[in-house]
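The values are calculated or read from the model by the stated rules, or taken from the named source; none is laboratory data. These numbers come from a predicted model, not from an experiment. Cβ: placed from backbone, ideal geometry, glycine included. Neighbour counts: every protein chain shown.
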Amino acid sequence: MVKKSNIEFEDMNLQIGVRLQIMLSEVSNPTVHYTTLIGFVSGEYLLLKIPQENDKPVAMKNGDPVVIRVFSGVSVYTFSSKVQAIQHAPYASMYLDFPGAIQKVGLRKAVRVKANLPVKIKSATDPNVFKMATLSDISLTGALVSTARPLGGAGDTINIEFSLRDQTSNQDVTIATTASIRSVQQSAGSTEDGASFHTVYSHGINFHDIDMAHQVILQNFVYETLLIHRT
């Protein structure tokens with residue numbers, strides 16, 4: 001990954017409605033919440049929705065220092081700020097200090113994160129016929145698919161379908177694509193209680209054509225998962 005400093009606010013190209021990560025920075029165990037950019041006045045303040053937890057506003061007060069992260073393109077921007085004011089009417093929102101120092105982190109497309117996502121391996125001749133498997137990890141360009149039986153050999157093509165949460169709409173989105181099997185490895189797996197063992201086939205796959213909208217959702221999933229595990 002590549003870090004850069006001296007980033008200007010305009011470099012982030014933030015659009016109204018973009019989803020942001022927000023964390024209270026002066027707590028013993030910071031929790032990542034999600035909020036939305038409502039507006040801003042350059043050099044003065046940012047206006048955000050108050051994040052929700054269990055359908056209730058997260059407890060925040062004037063003067064609370066926060067850390068904000070936002071995903072744009074293939075980069076993650078991070079900056080510190082402070083709550084200027086909280087208002088609950090007509091909408092739950094908060095004003096933050098306009099950011100000063102902004103950090104930019106560029107992440108490689110090959111960065112993989114743990115996923116543990118269910119995935120359908122669909123028949124090439126009948127889309128209604130499929131096998132369930134697990135995406136053990138995932139990147140912008142491929143994944144590791146774990147199954148009880150081999151799906152094929154290196155160079156074979158498979159049809160897959162899995163779902164990711166779109167942070168913009170807060171809804172699950174189905175991604176269907178073809179992929180090439182790059183490698184197959186065999187290992188021993190066990191049940192959670194360790195009472196029985198079985199063979200696990202791990203397939204390294206490369207995605208083929210994923211449309212741009214789904215690439216953005218996949219990108220955000222990878223980056224957010226990576227950053228959450230670093231906090």
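Need the failing condition index for Ala154 against (1) touching a residue at least 24 places away in the same chain (Cβ under 8 Å); (2) in a strand (DSSP E or B), just the number.
All conditions are met except number (2).
Just name the residue that is modelled with the highest pLDDT out of those in the range 10-27 that are outside any strand (DSSP E or B) and touching a strand residue (DSSP E or B) at 6+ places or on another chain (Cβ under 7 Å). Reasoning before the result, please.
Going through the range 10-27, the residues outside any strand (DSSP E or B) turn out to be 10-18, 25-27.
Now narrow it down to the ones that are touching a strand residue (DSSP E or B) at 6+ places or on another chain (Cβ under 7 Å): 12-14, 16-18, 25-26.
Working: Met12: 87, Asn13: 84, Leu14: 86, Ile16: 90, Gly17: 87, Val18: 85, Ser25: 82, Glu26: 75.
Filtering the range 10-27 for residues that are outside any strand (DSSP E or B) and touching a strand residue (DSSP E or B) at 6+ places or on another chain (Cβ under 7 Å), the one modelled with the highest pLDDT comes out as Ile16.
Of all residues in the range 138-151 being assigned to a loop (DSSP other than H, G, I, E, B) and under 14 Å from the mean Cα position of the chain (by Cα), which is nearest to Asp211 (Cα to Cα)?
It comes out as Leu140.
Which one of these is in a strand (DSSP E or B), surrounded by 13 or more Cβ atoms within 10 Å (Cβ to Cβ) and at pLDDT below 85: Val67, Val111, Val76? Show your work before the answer.
Details: Val67 fails: at pLDDT below 85; Val111 fails: in a strand (DSSP E or B).
Selected residue: Val76, the only one of Val67, Val111, Val76 that is in a strand (DSSP E or B), surrounded by 13 or more Cβ atoms within 10 Å (Cβ to Cβ) and at pLDDT below 85.
So Pro57 clears everything in (1) modelled with pLDDT of 95 or more; (2) more than 18 Å from Glu224 (Cβ to Cβ) except one condition, right? Which one?
Pro57 satisfies all of (1) modelled with pLDDT of 95 or more; (2) more than 18 Å from Glu224 (Cβ to Cβ) except (1).
Please give the number of the condition Pro30 fails out of (1) in a strand (DSSP E or B); (2) touching a residue at least 24 places away in the same chain (Cβ under 8 Å); (3) surrounded by fewer than 16 Cβ atoms within 10 Å (Cβ to Cβ).
The one condition Pro30 does not meet is (1).
Can you tell me which residue in the range 117-145 is surrounded by the most Cβ atoms within 10 Å (Cβ to Cβ), limited to those that are touching a residue at least 60 places away in the same chain (Cβ under 8 Å), among the hydroxyl-bearing types (Ser, Thr, Tyr) and out of contact with any helix residue (DSSP H, G or I) (no Cβ under 8 Å at 6 or more places or on another chain)?
Going through the range 117-145, the residues touching a residue at least 60 places away in the same chain (Cβ under 8 Å) turn out to be 136, 138-145.
Filter once more, keeping what is among the hydroxyl-bearing types (Ser, Thr, Tyr): 136, 139, 141.
From what is left, the residues that are out of contact with any helix residue (DSSP H, G or I) (no Cβ under 8 Å at 6 or more places or on another chain) are 136, 141.
Values: Ser136: 18, Thr141: 16.
Here the residue is Ser136.
Between a residue in the range 52-63 that is assigned by TED's automatic domain parsing to the domain that holds Ile86 and any residue that is surrounded by 11 or more Cβ atoms within 10 Å (Cβ to Cβ) and β-branched (Val, Ile, Thr), which pairs come within a Cβ distance under 6 Å, given they are 6 or more apart or on different chains?
Partner pairs satisfying both residue conditions: Pro57/Ile50; Met60/Val83; Asn62/Val83.
Quick check: is even one residue across the range 67-82 outside the structural domain of Leu144 (by TED's automatic domain parsing) and more than 24 Å from the chain's Cα centre (by Cα)? Even if it seems obvious, please write down each step before you answer.
Here is the first cut: in the range 67-82, the residues outside the structural domain of Leu144 (by TED's automatic domain parsing) are 67-82.
Those still in the list that are more than 24 Å from the chain's Cα centre (by Cα) too: 82.
There is at least one residue in the range 67-82 that is outside the structural domain of Leu144 (by TED's automatic domain parsing) and more than 24 Å from the chain's Cα centre (by Cα).
Filtering the range 189-231 down to residues that are in a loop (DSSP other than H, G, I, E, B) and not charged (D, E, K, R), which residue is modelled with the lowest pLDDT? Give the steps one after another, and end with the answer.
Filtering the range 189-231 for residues in a loop (DSSP other than H, G, I, E, B) gives 191-196, 208-211, 229-231.
Still in the running and not charged (D, E, K, R): 191, 194-196, 208, 210, 229, 231.
Working: Thr191: 54, Gly194: 55, Ala195: 54, Ser196: 57, His208: 94, Ile210: 89, His229: 58, Thr231: 46.
Step by step, filter the range 189-231, then rank; the result is Thr231.
Does Pro99 satisfy being touching a Phe, Trp or Tyr at 6+ places or on another chain (Cβ under 6 Å), surrounded by 15 or more Cβ atoms within 10 Å (Cβ to Cβ) and not in a strand (DSSP E or B)? First the steps, then the outcome.
Working: touching a Phe, Trp or Tyr at 6+ places or on another chain (Cβ under 6 Å): yes; surrounded by 15 or more Cβ atoms within 10 Å (Cβ to Cβ): yes; not in a strand (DSSP E or B): yes.
So Pro99 passes the test.
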